[in-house]
Amino acid sequence: MERTISLERLVDGVLTELEKRIAAAASPGGDEAGGMPLAPVDLFGPAASRVPDPKWEEGVNELIAATPARIGVWRAGTRPLTREMLKFRCDHAAAVDSIYGQVSPAILEQYGLFTVETRYENTENYLKRPDMGRIVTDEGVEKIRSACRMNAQVQIVVSDGLSASAVDANLRDVYPALLDSLKAYGLSAGTPFFVRGGRVAVMDHIGDILQPEVFVLLIGERPGLVSSKSMSAYMCYRPRKGTVESDRTVISNIHQGGTPPLEAGAHIGTVVKKMLEQRTSGVNLDL
Amino acid sequence: MKLTTALLGKTFQFKSLKEVMAKANEEKSGDQLAGIAAEDAKERMAAKLVLADLKLADIRDNPLLPPETDEVSRVIEETVNEKIYGEIRRWTVAELREYLLQQTTGNDEICRISRGLTSEMVAAVAKLMSNLDLVQAASKMEVTSHCNITIGQRGVLAGRAQPNHPTDSIQGMKASLFEALSYGIGDAVLGINPVIDSAESVKQLLNATKEVMDQWRIPTQNCVLAHIKTQMKAIRQGAPADMVFQSLAGTADGNKGFGIDIALLDEADELIRREGTGTGPNLWYFETGQGSELSAEAHHGIDQVTLESRCYGLARKYKPFIVNTVVGFIGPEYLYDSKQVIRAGLEDHFMGKLQQLPMGVDVCYTNHMKADQNDMDNLAVLLAAAGVNYIIGVPMADDCMLNYQSTSYHDIATLRETMRLRPAPDFERWLEEMGIMANGRLTPAAGDPTLFM
């Protein structure tokens, strides 16, 4: 019963926060108090018909509204119109930059996350050798041993993965919501940190070192053209070397426009609680 | 079998045919990840030199994966015509390359010797060929196929309409499909990758595409690219499928990773012949791609070009209507950059054609690969020159469901105009009736998706 009350409070909290943000987003001045400028209005605006003389005028808009695909775009000869072509290239540019970008040091500092690296060495090698992104360097292992609490109930780790901008864009929402949620369930989190150049299975190596009950890895996803800032939360009960992929539970597509980051944070807490109750994760977890 | 060579003052000694085959490959990140690639450029050349002098019989007599333990190897072995093989078994791989490139060697000659080749021999010769060799040899081969219409004729470039939608919305799928048709795309297949792999979802998408085909009398074929078991279930429940689809791997273990084996493919083959809506005789759609065996840890130390060729050896058994390699989908750990993707696209197209497959290519890349749309333009032109049967049409090349970039409706229309290629003849006649195309060019009405509302 107590838990139910806490949950309701949590949901209320999330809703209040959401309302605040929606109100802030609606005001032209933006959320100045937080020092966070609002994203500028998309240069290209919403998709609109470029077909000059369609057989059915309203029909084009109806079709465009039915899909996020780039249709009703028209042509110059057989080639795309300049603006449509440049829009596509802009989206690709954002995706590429998110892979080669770095997570902002300010955000790591804000949440007291120290940094360790995997054996990835550089982005090129990271892309070619996923195996190296699954192992923390010796130096990093030492750092983890000296800084972190062993046998935590919930170990939270953040990693850039394939999109640094996913961390920049979503961590400020996901992370506090996750901590609130854990608190509401009466669960305790270990010492959090950041892994540069991490792959999902890096949690197995860290799991061996710190022996936590449940592991939560917040990691940048492979960027798409729709969003280059999408984050995934990979969760696993007692991840260790040899853990198979089907033992992991994932909440993916976390970004504004996908799974809302605040809701995701709260939802991760609920999943973690179930993992602890059922002592399992992945395909065996009853959600 | 001689596995030694001297090059630039150094002697190179290879341990096995498997090692020579791997090290003779052009540089691929997937072979490096597997730990089987050449150490440096010189070792790569040494392997190519050794391979050039090997006899076709050496390759057949030293199986990389014995037929006794792998059913894909068994299929490849069983299709060899012994008489034709007997005529060419003493050829070196170098001689095979030169035979393919001779001016006196045309489509009929290649078609004949192809029946004496194994997939490993085909892979071996590809390793000795330059990109332009691969284009020229492939351009000699005409492989036509017929489901509801014929594609693959010389001078024809068909397109798959790929109107995917992130939630399988029928309206959303149709919106992209109407756009495709208005650009003259869809003669290879109206083919949808579903998000939800359920019989119900497959049935709805097959019904919806079939309705569009019936309403506008479109001469083409439909397909939904779910797992084969899901499609079989949908077909048994009465869904109208002209073809069945499946992804293939080049080893039995790799196929196990896809949840299939030959018994299951045979069962599906029988089903589509009995309960499918397509005319035939070609009723299959296969997709492949270098690296899938390694990613499933089912590569047995064999390089990704050879494994890809073995996929084609398996595909051949089912006389498919269309086959395409999804060349750049798998990611940079297998094909790192545009150079590797372009090379793989040309290799795959050539190796498939040499095994008499109606080859298309999904000219594509993901965002973590060092490639962009200009590279896809390049590869598409090279493949059009090589006589590729079809490529993929996605709205503005951006697949909003699979999150990767391929080629666009505009691209196919452009390749047709610049390379003097046409849609499949039956489809072109229909485009003319619809007022979308005239004299092989798009009309002013083309590009308006509301033509189909």
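Could you tell me whether residue B:427 is in contact with a helix residue (DSSP H, G or I) (Cβ under 6 Å, 6 or more places away or on another chain), touching a residue at least 24 places away in the same chain (Cβ under 8 Å) and either within 15 Å of residue B:180 (Cα to Cα) or open to solvent by less than 10 Å² (accessible area, probe 1.4 Å) (or both)?
Considered against the rule, which asks whether it is in contact with a helix residue (DSSP H, G or I) (Cβ under 6 Å, 6 or more places away or on another chain), touching a residue at least 24 places away in the same chain (Cβ under 8 Å) and either within 15 Å of residue B:180 (Cα to Cα) or open to solvent by less than 10 Å² (accessible area, probe 1.4 Å) (or both), residue B:427 comes out as no.
Give the residue that is farthest from residue B:86 (Cα to Cα), with candidates limited to residues of segment B:115-131 that are open to solvent by less than 10 Å² (accessible area, probe 1.4 Å) and within 17 Å of the chain's Cα centre (by Cα).
Per the criteria, the residue is B:126.
If you take the residues of segment A:89-116 that are over 16 Å from the mean Cα position of the chain (by Cα) and within 8 Å of another protein chain (Cβ to nearest Cβ), which of them is least open to solvent (accessible area, probe 1.4 Å)?
This residue is A:92.
Being open to solvent by less than 20 Å² (accessible area, probe 1.4 Å) and either free of Cβ contacts under 8 Å to residues at least 12 places away in the same chain or touching a strand residue (DSSP E or B) at 6+ places or on another chain (Cβ under 7 Å) (or both) is the filter here, so list the residues in segment B:53-71 that pass it.
Result: B:54, single match.
Against the conditions (1) over 30 Å from residue A:70 (Cβ atoms); (2) crowded, with 24+ Cβ neighbours inside 10 Å; (3) not hydroxyl-bearing (Ser, Thr, Tyr), where does residue B:95 fall short? Just the number, please.
It fails just one condition, (2).
What tally of residues in segment B:282-304 results from selecting those that are farther than 17 Å from residue B:127 by Cβ, among the charged types (D, E, K, R) and open to solvent by less than 10 Å² (accessible area, probe 1.4 Å)?
1
Are there helices (runs of 4 or more DSSP H) fully within segment B:277-370 with at least 2 residues that are within 14 Å of chain A (Cβ to nearest Cβ) and more than 21 Å from residue B:160 (Cβ to Cβ)? List them.
B:292-295, B:338-354
What helices (runs of 4 or more DSSP H) lie completely within segment B:142-247 and have 1 or more residues being open to solvent by less than 10 Å² (accessible area, probe 1.4 Å) and in contact (Cβ under 8 Å) with a residue 60 or more places away in the chain?
Of the helices (runs of 4 or more DSSP H) lying wholly inside segment B:142-247, those with at least 1 residues that are open to solvent by less than 10 Å² (accessible area, probe 1.4 Å) and in contact (Cβ under 8 Å) with a residue 60 or more places away in the chain span B:170-182, B:199-215.
Is at least one residue of segment A:143-151 among the small types (Gly, Ala, Ser), more than 22 Å from the chain's Cα centre (by Cα), open to solvent by 90 Å² or more (accessible area, probe 1.4 Å) and in the same structural domain as residue A:212 (by TED's automatic domain parsing)?
Yes, because at least one residue in segment A:143-151 is among the small types (Gly, Ala, Ser), more than 22 Å from the chain's Cα centre (by Cα), open to solvent by 90 Å² or more (accessible area, probe 1.4 Å) and in the same structural domain as residue A:212 (by TED's automatic domain parsing).
Taking segment B:419-451 only, how many residues are within 9 Å of another protein chain (Cβ to nearest Cβ) and either within 18 Å of residue B:175 (Cα to Cα) or part of a loop (DSSP other than H, G, I, E, B) (or both)?
Total meeting the criteria: 8.
What's the number of the condition residue B:134 fails, among (1) open to solvent by 10 Å² or more (accessible area, probe 1.4 Å); (2) under 25 Å from residue B:27 (Cβ atoms)?
Answer for residue B:134: the failing condition is (1).
I need the full set of residues from segment B:397-453 which are acidic (Asp, Glu) and more than 17 Å from residue B:156 (Cα to Cα), in order please.
B:398, B:399, B:433, B:448
Output the residues belonging to segment B:404-418 that are part of a helix (DSSP H, G or I) and either more than 8 Å from chain A (Cβ to nearest Cβ) or open to solvent by less than 50 Å² (accessible area, probe 1.4 Å) (or both).
Within segment B:404-418, B:409, B:410, B:411, B:412, B:413, B:414, B:415, B:416, B:418 qualify.
What are the residues in segment A:249-275 that are in a loop (DSSP other than H, G, I, E, B), under 19 Å from residue A:200 (Cβ atoms) and open to solvent by 60 Å² or more (accessible area, probe 1.4 Å), if any?
Of everything in segment A:249-275, nothing turns out to be in a loop (DSSP other than H, G, I, E, B), under 19 Å from residue A:200 (Cβ atoms) and open to solvent by 60 Å² or more (accessible area, probe 1.4 Å).
Out of segment A:178-234, which residues are over 16 Å from the mean Cα position of the chain (by Cα) and among the polar types (S, T, N, Q)?
Answer for segment A:178-234, where residues must be over 16 Å from the mean Cα position of the chain (by Cα) and among the polar types (S, T, N, Q): A:181, A:188, A:191, A:211.
Which of the residues belonging to segment A:222-248 are assigned to a loop (DSSP other than H, G, I, E, B) and either within 14 Å of chain B (Cβ to nearest Cβ) or touching a Leu at 6+ places or on another chain (Cβ under 7 Å) (or both)?
Matches in segment A:222-248: A:222, A:223, A:224, A:225, A:226, A:227, A:228, A:229, A:230, A:242, A:244.
In segment B:80-111, which residues are under 20 Å from residue B:21 (Cβ atoms), assigned to a loop (DSSP other than H, G, I, E, B) and of a type outside the set (A, V, I, L, M)?
B:89, B:90, B:91
Filter segment A:47-88 down to the residues that are among the basic types (Lys, Arg) and either under 28 Å from the mean Cα position of the chain (by Cα) or within 8 Å of another protein chain (Cβ to nearest Cβ) (or both) and list them by number.
A:55, A:70, A:75, A:79, A:87
Name the residue, out of B:34, B:47, B:38, that is surrounded by 15 or more Cβ atoms within 10 Å (Cβ to Cβ), among the small types (Gly, Ala, Ser) and touching a Leu at 6+ places or on another chain (Cβ under 9 Å).
B:34
Has segment B:5-26 got at least one residue that is surrounded by fewer than 18 Cβ atoms within 10 Å (Cβ to Cβ), away from chain A (no Cβ under 14 Å) and under 21 Å from residue B:130 (Cβ atoms)?
Yes.
Quick one: residue B:185 ticks every box in (1) in contact with an Asp or Glu (Cβ under 7 Å, 6 or more places away or on another chain); (2) hydrophobic (A, V, I, L, M, F, W, C); (3) within 14 Å of chain A (Cβ to nearest Cβ) bar one, so which box is it?
(1) is the only condition that residue B:185 fails.
Can you report the number of residues in segment B:248-268 which are assigned to a helix (DSSP H, G or I) and surrounded by fewer than 19 Cβ atoms within 10 Å (Cβ to Cβ)?
8
Which condition from (1) in the same structural domain as residue A:141 (by TED's automatic domain parsing); (2) at pLDDT below 95; (3) closer than 18 Å to residue A:163 by Cβ; (4) of a type outside the set (A, V, I, L, M) is the one that residue A:129 breaks?
Exception for residue A:129: condition (3).
The values are calculated or read from the model by the stated rules, or taken from the named source; none is laboratory data. These numbers were taken from a predicted model, which means no experiment stands behind them. As a convention, Cβ positions derive from the backbone with ideal geometry for all residues, glycine included, and neighbour counts pool all protein chains shown. Protein only, heavy atoms only, side chains kept; ligands, DNA and RNA dropped before computing areas. Shrake-Rupley method; radii C 1.70, N 1.55, O 1.52, S 1.80 Å.
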